[in-house]
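Peer 1: For reference, the structure I am asking about is given below.
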Amino acid sequence: MSYFEWVQDLQAYSWTEDEVNDRLRMMMERSYVEVLGLAEEKKTRMRTAATMLGVSRVAEAHRTRGLYP
């Protein structure tokens, strides 16, 4: 929710509760599918797959942006 508050503040725009809930639902469902797919691919637990995915995203951002973005 903090992310949505931050985005709304940057845009100087307010979303309705339904819009926020829809956006959150979409993000959560997409994240679940990504973690499940990685867990099945690597034959590991969801928790481990979520950590792997998070670390890989941070590493990719570091490679793309450098140490100090």
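Bear in mind these aren't lab numbers, they're just calculated from the coordinates by the rules spelled out. Just so it is clear, the model here is predicted, and its values are computed rather than measured. All Cβ positions, glycine included, derive from the backbone under ideal geometry; neighbour counts span all protein chains shown.
Peer 1: Counting only trypsin sites (Lys or Arg not before Pro) that are in a DSSP loop and have at most 11 other C-beta atoms within 10 Å, tell me the longest site-free stretch of the chain.
Peer 2: 1-42
Peer 1: Something else: Summing Lys, Arg as +1 and Asp, Glu as -1, what charge do residues with Cβ under 14 Å from the Cβ of Trp15 carry, Trp15 excluded?
Peer 2: Surrounding charge for Trp15 is -4.
Peer 1: Here's another thing I want to ask about it. At Arg25 and Ala59, where each label point lies 7 Å from the Cα along Cα→Cβ, what is the point-to-point distance in nanometres?
Peer 2: 3.5 nm
Peer 1: Treating only the Cβ atoms of Lys and Arg (+1) and Asp and Glu (-1) as charged, compute the dipole magnitude of the chain about its Cα centre; round to the nearest 20 debye.
Peer 2: On the way: 10 positive and 11 negative charges, 124 e Å.
That gives the chain a dipole magnitude of about 600 debye.
Peer 1: When all alpha-carbon pairs of the chain are counted, what percent fall beyond 21 Å?
Peer 2: Of all Cα-Cα pairs in the chain, 48 percent lie more than 21 Å apart.
Peer 1: Here's a follow-up. Of Ala12, Ala39, Ala49, which is the most mobile in a GNM of the chain whose springs link Cα atoms less than 10 angstrom apart?
Peer 2: Ala12
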